[in-house]
Structures are given as C-alpha cells and as structure tokens.
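Novice: Before I ask anything, let me first share the structure, which is written out below as structure tokens.
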There are 2 protein chains.
Amino acid sequence: MKKTILLTALVLNGLTLFAQSNDEKNIKLFYKKALTEAKCYTWLEYLSNDIGSRLSGSKGAEQAVEYTKRQLETLGLDKVYLQEVMVPHWVRGEKETAYILDGKTKTVVPICALGASVATPKGGITAEVVEVKSIDELRSLGDKVKGKIVFFNRPMNPENVGTFDSYSEAGDQRRIGAKEAGQLGAVGAIVRSLNLRLDDFPHAGNQSYGDLSKDKYVPGAAISTNGAELLSKSLKANPTLKFYFKQSCETLPDVLSHNVIGELTGTVTPENIMVVGGHLDSWDLADGSHDDGAGVVQSMEVVRILKNLNYKPKNTIRVVLFMNEENGGKGGAKYEEVAKQKNENHIFALESDSGGFTPRGFSLEADDANLKKIQGFAPLFEPYFVNTFVKGHSGSDIDHITSKTIVKAGLMPDSQRYFDYHHAANDKFDAINKRELELGAATMTSLVYLIDQTGIILPTAN
Amino acid sequence: MKKTILLTALVLNGLTLFAQSNDEKNIKLFYKKALTEAKCYTWLEYLSNDIGSRLSGSKGAEQAVEYTKRQLETLGLDKVYLQEVMVPHWVRGEKETAYILDGKTKTVVPICALGASVATPKGGITAEVVEVKSIDELRSLGDKVKGKIVFFNRPMNPENVGTFDSYSEAGDQRRIGAKEAGQLGAVGAIVRSLNLRLDDFPHAGNQSYGDLSKDKYVPGAAISTNGAELLSKSLKANPTLKFYFKQSCETLPDVLSHNVIGELTGTVTPENIMVVGGHLDSWDLADGSHDDGAGVVQSMEVVRILKNLNYKPKNTIRVVLFMNEENGGKGGAKYEEVAKQKNENHIFALESDSGGFTPRGFSLEADDANLKKIQGFAPLFEPYFVNTFVKGHSGSDIDHITSKTIVKAGLMPDSQRYFDYHHAANDKFDAINKRELELGAATMTSLVYLIDQTGIILPTAN
C-alpha cells in the first residue's frame with residue numbers, strides 16, 4: 001500500500017506559507033494566548049460552581065447545554081447549533097446508607113449506587129459477604145454466593161505509571177460485577193472504588209446488567225477505598241459478619257437532550273471535518289470539573305483561540321460537546337448517526353477526557369504512516385514539555401466516528417491525580433489548576449492547527 | 001581536551017554485569033518499590049503534620065533534625081551523623097497587619113514580613129504609596145520616593161511554561177526591594193507575592209539589605225496577589241491614598257543547628273562521593289511540604305530503596321539534609337567547608353528542591369561531555385514519562401560544592417503548581433500527591449544508580 005498526502009495543489013501552496021519556522025511561531029502564539037487571555041478557566045468556573053453536576057437527564061445537564069451554546073455564540077463561529085439526542089435518565093434518589101454489622105457493632109461505611117443499578121428493597125439488604133478479587137474467582141465459587149453480597153476488592157495496581165492502565169485492569173469489577181453476582185444468585189454487589197488512593201470517597205461510574213434477565217438484577221454499589229480496606233479486614237476477623245446497604249436509585253424513561261456543536265467552516269476543503277470535543281455530562285456526586293468540564297472548556301478554547309487569531313482553517317473545524325458519555329454514550333452515537341446520514345467525511349477527531357492536568361502528549365489511533373507523521377511534530381511541542389506521542393485509545397465519544405480514513409487523538413494529561421477525583425464528590429473546581437488547564441487547551445489547539453495545515457495521509461490501493 | 005571515563009578495571013568488570021537490559025530491569029524495580037512500599041509519604045506526613053514549620057532556629061527545625069536522623073538510623077546505612085552549623089535566627093513575631101487607607105475607608109489586605117526584614121515602629125507605618133514595576137523604575141524616581149512606601153508590583157510572567165523562569169525574572173523585587181527603597185529614603189517596601197495565581201496568600205521569602213548602612217534599613221513585606229491587584233487599582237483611583245502596615249519581626253543571635261547526613265560507603269571507589277539531598281528548613285507560615293519536605297523525604301527514599309535492595313554502591317552515596325537553605329544557605333556552605341577540610345572528592349550531587357510534583361526530568365550542571373552522557377540515559381526513563389534532560393541550575397544547597405570535576409543535577413518536577421504554594425501558608429501536606437512524590441524518589445534513585453554504575457567523564461589534558 002502506498003501512502004499519499006491528502007492535499008490539493010492549493011493546499012500545497014498553502015503549505016509553503018507554513019514552514020516549520022512559522023509553525024513554531026504560531027504554536028508559540030497559541031500557548032501565549034492560552035496562558036494570558038484564555039476563557040476556559042472562567043467557563044469552567046461557571047459550569048462547576050454555578051451549574052454543578054450534569055448527569056444526563058438532570059437540570060444541570062440542560063443548563064450546561066444552554067450555557068455552552070450561548071458561550072459558543074459569542075465567539076463568532078460560522079455555525080452554532082444543537083443536535084437532539086434521547087438519553088437515559090437514571091437518578092440516585094436518597095443518599096445511600098451502608099454499614100458493617102459485626103455482632104452488635106455497626107460501622108458505617110461510605111457507598112454510592114453505581115449507574116444503571118436497581119434499588120435495594122426499601123428496608124435495604126442485609127447479608128453475609130463473600131470477598132473476591134476477580135470475576136473469575138466469583139465464577140469459580142458458583143452456588144456458594146447464593147443469598148450473599150459479593151464484595152469485589154481488587155485494588156487498582158499501583159505499579160503502573162500510567163494510571164489509566166490500572167483503571168482498565170480493575171474496571172470489570174464495577175462494570176459487570178453486579179451482573180455476574182446476580183447471575184449466580186447473590187443479592188447484591190459491593191465494589192471497591194476505582195481510586196489508587198486510600199480515602200473516604202465512594203466513586204460512581206456505570207455498570208451494565210447486559211443480557212441478564214430482569215429478575216436476576218441485584219443492586220450494585222461502590223464503597224470507598226478506606227471502607228473496602230475495613231470491610232476486608234473485618235471479614236478476616238469474622239467471615240460471617242453481615243453487611244447492610246440501602247439505595248433507592250431508579251431508571252426513569254429516556255429524555256430529550258442535546259449535543260452542542262460549533263463550526264469554523266473550512267476555506268479550502270470544507271467537506272473534510274475535524275472534530276475537537278469533550279463531554280458535557282458528568283456524574284452526579286460533584287461538579288465534574290475534571291471529568292469532563294475540563295475537556296469541554298478546552299475544546300471551546302481551541303476554536304476561541306483560532307477564531308480570535310482570525311485563522312482561516314482549510315478544513316471544517318467542529319467543536320462538539322457530547323451529551324451522555326458517562327452512562328450510555330448516546331451523544332457520540334447520535335453524532336455518528338447524523339454524520340452518516342449526511343455522508344460527512346471526518347479526517348480527524350481529538351477528545352479531551354482525561355482531566356485538566358498538565359498535558360504530556362497524545363494517545364493516537366492512527367495507522368503507522370499517520371502515527372509517524374504526528375510523531376514528527378514532536379520537536380514543535382518540546383518547548384512546552386509535551387513529549388509523548390503514542391498509539392492508544394483516543395476518547396469514548398469519538399470512538400463512534402467511523403469515517404473511512406480518520407486519525408483520532410486523545411489529549412494525554414499527567415494521570416497521577418485523575419483517579420483521586422474521578423466520578424467522586426471531590427471532582428470540583430478547586431481541584432483544577434488554571435495554568436494546567438490552559439496548557440492543555442494550547443496543546444490541543446496546536447495539534448488541530450498542524451493537522452489542518454498538513455492533512456492526513458490517505459491509504460492508496462497499489 | 002580529550003575525555004576519558006572515570007573507571008578502574010574493576011569497575012569495568014562491574015559494568016559488564018550492568019548492561020542496558022539490567023539497567024532497565026533495575027530501574028523498573030526502583031519505580032515498583034517506590035510506588036508500592038516507599039516510606040517517603042509517611043515520613044513527610046510526620047514532618048508536616050507532627051512537626052510543622054521548620055525555619056532555621058525554630059523548635060520545628062531542631063525536631064526535624066532529630067526525626068530525620070532517627071529515621072535514617074533505621075535504614076541500616078554505614079554512617080548516620082549530624083554536622084554542626086551556626087544559622088541565622090529570624091523570628092516573625094506577632095502576625096502582621098496592613099490596610100489601604102482611602103479617605104476614611106480602611107481595607108485590610110494580607111501581608112507577611114519578608115525574611116531578614118526589620119520591624120516597623122511599634123505603631124506601624126502609614127505613608128503614601130509609589131507603585132513601581134522594577135528596581136530600575138524605582139531608581140529613576142530618585143528622591144520622589146522619600147517618606148513613601150514603595151510598592152513593587154511586577155507580576156510573574158504567565159507566558160513562560162516553566163514557572164521557575166518567571167520566578168527568576170520577578171525575584172529581584174523581593175530580594176532587594178526594601179534595600180533599594182531604603183537607599184532612596186522610602187519608609188518601607190511592599191512587594192507583590194511571587195505567585196502566578198490570584199489568591200489571598202502572602203508569600204514569604206528572604207530579602208537582603210546588602211551593604212546598606214543600618215540606619216537606612218526599612219521594613220519589607222509581601223502582599224498577596226489579590227491584595228496587590230486591589231492596591232494598584234485603588235492607587236489609580238486615588239494616587240494619594242495611604243497604606244498602613246505593622247510588623248514586629250526581629251533577627252536574634254545565630255544559633256547552633258545541624259545538617260543531617262547518612263552514608264552508604266562505596267565498595268570500589270569509596271573516596272568518590274555522590275550526594276543526594278534536599279533542605280530540612282522551611283519558611284514559618286506553613287509546613288513546607290513541597291519546599292522542601294518533599295526533597296528531604298525523597299532523598300531519604302533513594303538510600304532506603306538502594307539499601308533495601310542490598311545494593312553495593314561503587315562510590316560513596318551520601319544523603320545530605322541541609323539546614324538553612326531559605327535564609328542564609330549556611331548548611332550548604334558548612335558542608336562544603338568540611339568537605340574541603342577533609343579533602344573530599346565529590347563526583348556527583350543531586351538536589352530535589354522544586355516541589356513534590358510529577359517528575360519531568362533533570363536540570364543539569366555538567367560540561368558537554370557529561371551532559372551528553374546523561375542525555376544518553378533518556379530512553380531508560382521514557383517508560384516513566386521522564387523526558388527532560390536540560391542544562392540548567394541544579395540546587396541552592398549543592399551550589400556550594402566545588403569539587404574539581406563534579407556533575408550536578410536538580411530534579412525537575414512539573415512546575416505549574418509550585419508557586420501556588422511556595423513559601424505560603426498553604427504549602428501543607430494535603431497539597432502533596434503520594435504517587436507524584438514517590439515517582440520523584442524513583443526518578444532520583446535511577447539517576448543516582450546510573451551515575452554510580454557508569455561514573456562521570458573526567459577532562460584530561462591533551
């Protein structure tokens with residue numbers, strides 16, 4: 001297979017105007033603007049402190065749609081519009097309660113219902129506990145868990161330097177723990193929070209019952225890491241202790257919501273679309289400042305900076321603020337559905353959904369030729385300590401986009417602190433550092449600019 | 001000038017046992033041990049939460065000497081000892097007060113006396129204010145500042161990605177602002193805190209009156225960045241408003257204190273010494289968890305990991321916890337004085353004094369040959385996202401060491417958050433992320449190991 005660069009003669013002419021030295025100058029300008037006059041921090045302050053949590057179907061989610069649309073409208077883009085999408089509407093209900101019941105001693109522990117979980121009976125559930133470290137271990141127990149609560153207690157592995165690796169490795173417990181427990185006749189599932197730190201925050205997140213028959217659905221909840229340690233220790237001392245928990249969450253009918261979209265129309269090949277985005281919805285326990293308020297405002301900042309510099313993109317640059325990444329992915333799916341209907345051609349998509357921390361690089365979904373091409377940009381990013389250009393997952397929302405040849409990228413911020421906050425009540429505005437957020441926006445702007453200038457490499461049949 | 005590698009035949013034999021693949025494995029082990037069993041976070045918790053602030057001459061400083069010595073003694077090193085050093089003893093006295101006096105309106109603003117400053121008269125100082133952006137601007141005003149308070153208000157430059165650059169550029173206002181103001185007959189100096197963020201924390205730090213005659217000493221204080229913004233705005237509206245401040249700090253006679261030193265004696269060339277260190281003292285407004293509790297416990301962790309692995313260093317590895325970096329540098333100077341007396345040969349020194357944030361690389365003081373050599377280690381650090389090996393300042397304490405041929409390095413952590421906390425009341429344990437701290441310790445251990453294994457390149461006369 002030969003590779004050719006997707007360029008018209010006109011674009012080639014354009015390229016000569018944007019030699020390496022100009023790229024250097026322009027990227028320097030993007031960083032300067034981000035660090036001195038960005039709006040992303042102020043936008044995030046509003047999203048977090050004035051609107052707050054934004055779970056799909058909530059008032060906060062709809063306020064976020066209206067607010068970000070209004071803000072995009074102030075930027076002088078070529079188009080700003082909403083895209084309708086039906087989204088799940090799960091509500092937590094009353095605050096959950098849980099305790100370890102050891103003889104007559106009750107020790108309260110912090111839990112939260114997992115997304116899409118069913119409620120416990122009104123009086124709660126009290127049962128003995130079976131601790132397991134994995135789905136496989138649970139399956140090997142078979143009938144032995146009948147009537148009991150399954151306690152999934154495999155910690156995130158601290159040895160991985162990239163914490164998302166540890167998240168991936170431990171995530172099955174949360175995603176399908178309750179399903180697997182229900183399948184075997186257990187009465188509930190308690191899952192150790194996906195947090196590398198020992199603290200008292202239970203971390204929410206979605207679960208799925210998959211194709212399990214509804215009569216086997218059992219409630220699933222996350223317990224704080226300190227709570228998990230205590231429960232495990234207590235079980236070693238007394239294997240027949242009981243655990244009590246009560247939650248009143250429920251799934252209501254789907255509701256209408258929206259993706260928010262803004263566009264700078266391409267001046268050379270407007271039919272080629274480049275997406276930059278994050279997701280508007282958050283979990284309900286906090287403001288979702290890192291997940292993913294940061295990605296939303298950084299994506300808005302990309303188009304603000306470009307427009308403010310009067311940059312005329314060759315391709316259409318589209319900022320997309322997706323709804324419902326957390327518990328359904330309906331926003332991403334709808335975006336792709338409409339793109340398919342319109343026969344749109346996406347050449348590039350960039351998502352920021354890993355927190356608003358100091359940017360380290362990009363995780364790239366690209367064939368070898370485009371990977372190599374983007375890795376060739378590395379020297380341009382070195383002055384900003386952005387050094388990592390690796391193959392890897394880009395983002396859950398842009399996962400849906402299926403254009404024939406597309407390069408996808410995920411902003412890779414420093415990942416050490418992310419799971420201290422992820423889906424928990426402390427993911428709030430005070431956990432955001434203004435400069436780290438702004439540097440992320442500048443890094444994203446720079447890659448969008450470079451891809452817009454140089455295109456992507458198309459495979460050609462040989 | 002030709003270069004040769006400082007190696008005996010025996011060391012060369014040793015080298016064959018430590019081929020690249022072994023280096024990879026060993027470094028992986030250092031990171032694993034740091035992330036799974038390090039003691040640095042627990043040590044720092046004690047230093048910060050049980051001992052607290054540690055300004056030279058304070059009770060906290062002496063408790064820190066005792067505590068770290070005791071902890072080093074548990075590690076099974078070949079030697080642990082104290083090194084006596086006389087240090088300055090400046091005390092803040094009562095909490096400072098300050099307000100803007102605009103007509104009859106008093107607006108309180110947060111200030112703190114700068115280290116080595118004199119007190120105001122007991123009743124405080126009230127005077128008109130002259131705002132300047134630089135020492136040069138002050139000097140150009142000459143007599144016009146007589147009887148007035150000079151307000152230095154040049155912000156740290158947000159455009160630099162490395163925040164230490166901005167610190168260097170703005171630092172003269174704090175270091176010599178009061179001296180320059182006093183020289184011209186002003187009655188006091190108020191300096192904008194060296195903080196990139198707008199908040200309400202005044203940031204301490206040392207100043208010097210240099211060779212100014214004592215009768216010209218005037219008090220110097222830092223004002224929070226929000227306070228500086230308010231004062232500047234108020235002055236625009238009313239240039240003849242007055243400013244009041246009162247502080248009761250004083251310099252007491254020097255007191256005896258100590259550097260804390262531990263050693264793993266070299267097994268091949270014990271006469272060649274490698275230092276790894278940080279400074280024990282902190283400013284008095286908070287616990288100094290980042291500055292420099294982090295560097296202290298990371299340095300201790302380096303020798304803990306090596307000893308725990310039963311590593312037999314070729315050279316002598318010495319952990320040095322310096323006293324009095326903040327307001328005198330007497331610990332570093334004493335260390336060098338004793339080293340000179342003993343005719344010691346230092347080949348390498350590494351300091352961690354830039355906060356306990358995610359490590360990004362090293363700032364190196366080395367000739368071109370050694371710089372290139374260390375940059376050659378970069379691939380070994382890539383799995384840990386440690387990418388930056390640049391020429392630059394290493395550390396204030398190891399600045400003093402003057403062995404004939406020595407390579408010096410400073411750990412370079414991510415610098416975005418450092419000046420949010422630096423010398424201010426919020427530099428506390430809760431601003432530390434356990435994993436970031438541990439990764440720094442592993443990164444330091446890896447470089448110490450590589451230099452111990454491969455030596456440094458000595459210049460040879462040609």
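The values are calculated or read from the model by the stated rules, or taken from the named source; none is laboratory data. Owing to the predicted nature of the structure, the values given are computational and were not obtained by experimental measurement. Reconstructed Cβ throughout: ideal geometry from the backbone, glycine too, with neighbour counts over all protein chains shown. These accessible areas exclude ligands, DNA and RNA; they are computed on the full protein's heavy atoms, side chains included. Shrake-Rupley method; radii C 1.70, N 1.55, O 1.52, S 1.80 Å.
Novice: Using a loss threshold of 10 Å², tell me which positions in the range A:429-449 are less accessible in the complex than in their chain alone. Probe radius 1.4 Å, ligands and nucleic acids ignored.
Specialist: Those residues are A:433, A:435, A:436, A:439.
Novice: Taking the Cα centroid of the range B:291-337 and of the range A:32-89, what is the distance between the two, rounded to the nearest whole Å?
Specialist: If we compute the Cα centre of each part, the gap is 49 Å.
Novice: Computed over the Cα atoms, what is the radius of gyration of the range A:169-221 divided by 2.2 N^0.38 Å, N being its residue count? Can you show the working numbers first?
Specialist: On the way: Rg = 11.6 Å, N = 53, 2.2 N^0.38 = 9.9 Å.
This ratio for the range A:169-221 stands at 1.17.
Novice: Taking Cα atoms, how many degrees apart are the long axis of helix A:20-37 and the longest axis of chain A, rounded to 10 and kept between 0 and 90?
Specialist: Once rounded, the angle reads 50 degrees.
Novice: Looking at the range A:93-248 only, what percent of DSSP beta bridges run antiparallel? Nearest 5 please. Display every interim value, and only then the final one.
Specialist: Details: 16 of 29 bridges.
Of all bridge pairs located within the range A:93-248, approximately 55 percent are antiparallel.
Novice: If you don't mind, there's one more thing I want to ask. So what's the net charge close to residue A:347: Lys and Arg +1, Asp and Glu -1, counting the other residues with Cβ under 10 Å from its Cβ? Don't jump to the answer; show the numbers that get you there.
Specialist: Details: positive: A:404; negative: A:271, A:452.
Result for the local shell: -1.
Novice: Here's a follow-up. Set Lys and Arg Cβ to +1 and Asp and Glu Cβ to -1, take the dipole of the protein assembly as shown about its Cα centre, and tell me which of B:251, A:21, A:118 lies farthest positive.
Specialist: Of the listed residues, the answer is A:21.
Novice: On average, how much accessible surface per residue is there in the range A:93-248, in Å², for a 1.4 Å probe, leaving out ligands, DNA and RNA? Kindly include the intermediate steps, with their values, before the conclusion.
Specialist: Details: 6760 Å² over 156 residues.
That works out to 43 Å² for each residue.
Novice: What are the nm distances, shortest first, from residue B:208 to its equivalents in the other copies, labels at 7 Å along Cα→Cβ?
Specialist: The answer, with the shortest distance listed first, is 6.5 nm.
Novice: Separate question: In the structure displayed, which of A:408/A:428; A:340/A:404; A:28/B:408; A:314/A:340 lie more than 20 Å apart, Cα to Cα? All intermediate terms of the calculation are to be shown ahead of the outcome.
Specialist: Working: A:408/A:428 28 Å; A:340/A:404 11 Å; A:28/B:408 31 Å; A:314/A:340 22 Å.
As for pairs spanning more than 20 Å Cα to Cα, those are A:408/A:428; A:28/B:408; A:314/A:340.
Novice: Answer with one residue from A:145, A:230, A:105: the one whose Cα lies farthest towards the positive end of the charge dipole of the range A:93-248, charges on Cβ with Lys, Arg +1 and Asp, Glu -1.
Specialist: The one lying farthest along the dipole's positive direction is A:105.
Novice: For each pair in A:33/B:233; B:106/B:233; A:39/B:133; A:69/A:312; A:133/A:330, compute the distance between the two Cα atoms and list the pairs where it is over 20 Å.
Specialist: On the way: A:33/B:233 24 Å; B:106/B:233 15 Å; A:39/B:133 26 Å; A:69/A:312 22 Å; A:133/A:330 32 Å.
From the list (A:33/B:233; B:106/B:233; A:39/B:133; A:69/A:312; A:133/A:330), the Cα-Cα distance tops 20 Å for A:33/B:233; A:39/B:133; A:69/A:312; A:133/A:330.
Novice: Largest first, what is the accessible-area ranking of B:77, A:47, B:82 with a 1.4 Å probe? Present the calculation step by step, with values, prior to reporting the outcome.
Specialist: Numbers: B:77 25, A:47 0, B:82 70 Å².
Putting B:77, A:47, B:82 in descending order of accessible area: B:82, B:77, A:47.
Novice: Another question, if that's okay. Round to the nearest 10 and report in Å² the accessible area of residue B:422, as given by a 1.4 Å probe over the protein chains' heavy atoms.
Specialist: Counting only protein heavy atoms, the figure is 10 Å².
Novice: Evaluate chain B: find the radius of gyration of its Cα atoms, find its Kirkwood radius, and give the ratio Rg to Rh.
Specialist: 1.02
Novice: If you roll a 1.4 angstrom probe over the protein chains with everything in place, what fraction of the accessible area of the range B:93-248 belongs to carbon and sulfur, to the nearest %? Provide the component values of the computation, followed by the final result.
Specialist: On the way: 3530 of 6740 Å².
Carbon and sulfur: 52 percent of the exposed surface of the range B:93-248.
Novice: Here's a follow-up. Taking the label point as lying 7 angstrom from Cα along the Cα-to-Cβ axis, what are the distances from residue A:345 to the corresponding position in the remaining copies, in ascending order and in nanometres?
Specialist: For residue A:345, the other copies' label points sit at 6.9 nm, shortest first.
Novice: Just the number, please: percent antiparallel of the DSSP beta bridges in chain B, rounded to the nearest 5.
Specialist: Here the antiparallel bridges make up roughly 55 percent for chain B.
Novice: Now for a separate question. Put the label 7 Å from Cα along Cα→Cβ for residue B:142; what are its distances to the other copies, in nanometres, shortest first?
Specialist: Going from nearest to farthest copy, the values are 10.0 nm.
Novice: Next question, about the same structure. Among B:312, B:95, what's the order by accessible area (1.4 angstrom probe), most exposed first? Walk me through the numbers before you get to the answer.
Specialist: Details: B:312 120, B:95 165 Å².
Sorted descending by solvent-accessible area, the residues read B:95, B:312.
Novice: Could you please tell me the mean projected area of the C-alpha convex hull for the range A:10-133, averaged over all directions and given in square nanometres to one decimal?
Specialist: Working: hull surface 63.2 nm².
Mean projected area for the range A:10-133: 15.8 nm², to one decimal.
Novice: Rg to Rh for the protein assembly as shown: what is it, with Cα atoms only and Rh by Kirkwood? Intermediate results must be reported in sequence, preceding the final value.
Specialist: Numbers: Rg = 29.9 Å, Rh = 30.1 Å.
So for the protein assembly as shown, dividing Rg by the Kirkwood Rh gives 0.99.
Novice: I need the per residue convex hull volume for the range A:93-248, using only the alpha carbons, in cubic angstrom as a whole number. Provide the component values of the computation, followed by the final result.
Specialist: On the way: hull volume 16.6 nm³, N = 156.
Residue-normalised Cα hull volume stands at 106 Å³.
Novice: A further question on this structure: State, in square angstrom and to the nearest 100, the accessible area buried between chains B and A, both chains counted, probe radius 1.4 Å.
Specialist: Working: alone 18720 and 18710 Å², together 35030 Å².
Using a 1.4 Å probe on protein heavy atoms, the buried area is about 2400 Å².
Novice: Of all the residues in chain A, which one has the C-beta that comes nearest the axis relating A to B, and what is the distance in Å?
Specialist: Per the Cβ-to-axis criterion, the result reads A:387, 2.
Novice: Place a label point 7 angstrom from the Cα of residue A:216 along the Cα-to-Cβ direction, then list the residues of the range A:161-196 whose backbone nitrogen is under 18 Å away.
Specialist: A:173-190
Novice: Sort out for me the Cα centre separation of the range B:365-439 from the range A:216-240, rounded to whole Å.
Specialist: Each part's Cα centre sits 42 Å from the other's.
Novice: Among B:297, A:166, B:202, which residue has its Cα positioned farthest towards the positive end of the charge dipole of the protein assembly as shown, with +1 placed on the Cβ of Lys and Arg, -1 on the Cβ of Asp and Glu, and the dipole taken about the Cα centre?
Specialist: Highest projection toward the positive end goes to A:166.
Novice: Two decimals is fine: what is log10 I(q)/I(0) at q = 0.18, 0.27 Å⁻¹ for the range A:294-333, from a Debye sum with one equal scatterer on every Cα and no solvent?
Specialist: Once normalised to I(0) and log-transformed, intensities are -0.60, -0.91.
Novice: With a 1.4 Å probe and every protein chain left in place, tell me how much accessible area residue A:309 has, in Å² to the nearest 10.
Specialist: 60 Å²
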